[in-house]
Amino acid sequence: MGRTFMYGVSALGNKGGTHTIAMLKKQLTQVMEQLSCSQVSDLQKTRV
């Protein structure tokens, strides 16, 4: 996540960092829905 976040911050400052975090949250939510997991703790090592 570090490099992705830094790209967002360097491109758009604070707004870019906020946008990057929002995108990563959305992607995590989508993947968890596809795996039928409602919480991060539901993820098993075999799925990561």
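FYI, it's all coordinate maths here, none of it is from the lab. If you're wondering where the values come from, they're calculated on a predicted model, not measured in any experiment. Neighbour counts run over all protein chains shown; Cβ positions are idealised from the backbone, glycine included.
Data overview
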| quantity | calculated |
| --- | --- |
| When residues of the range 3-18 are limited to those that are within 25 Å of Leu43 (Cα to Cα) and not hydroxyl-bearing (Ser, Thr, Tyr), the one surrounded by the fewest Cβ atoms within 10 Å (Cβ to Cβ) | Arg3 |
| Ser38, sole failed condition from (1) touching a Gly at 6+ places or on another chain (Cβ under 9 Å); (2) surrounded by fewer than 13 Cβ atoms within 10 Å (Cβ to Cβ); (3) hydroxyl-bearing (Ser, Thr, Tyr) | (1) |
| Criterion violated by Glu33 - all others in (1) exposed (fewer than 10 other Cβ atoms within 10 Å of the Cβ); (2) more than 13 Å from the chain's Cα centre (by Cα) satisfied | (1) |
| Matching residues in the chain - criterion: being part of a helix (DSSP H, G or I) and of a type in the set (Ser, Thr, Tyr) | Thr4, Tyr7, Ser10, Thr18, Thr20, Thr29, Ser41, Thr46 |
| Residues (β-branched (Val, Ile, Thr) and in contact with a helix residue (DSSP H, G or I) (Cβ under 6 Å, 6 or more places away or on another chain)) located in the range 16-47 | Thr20 |
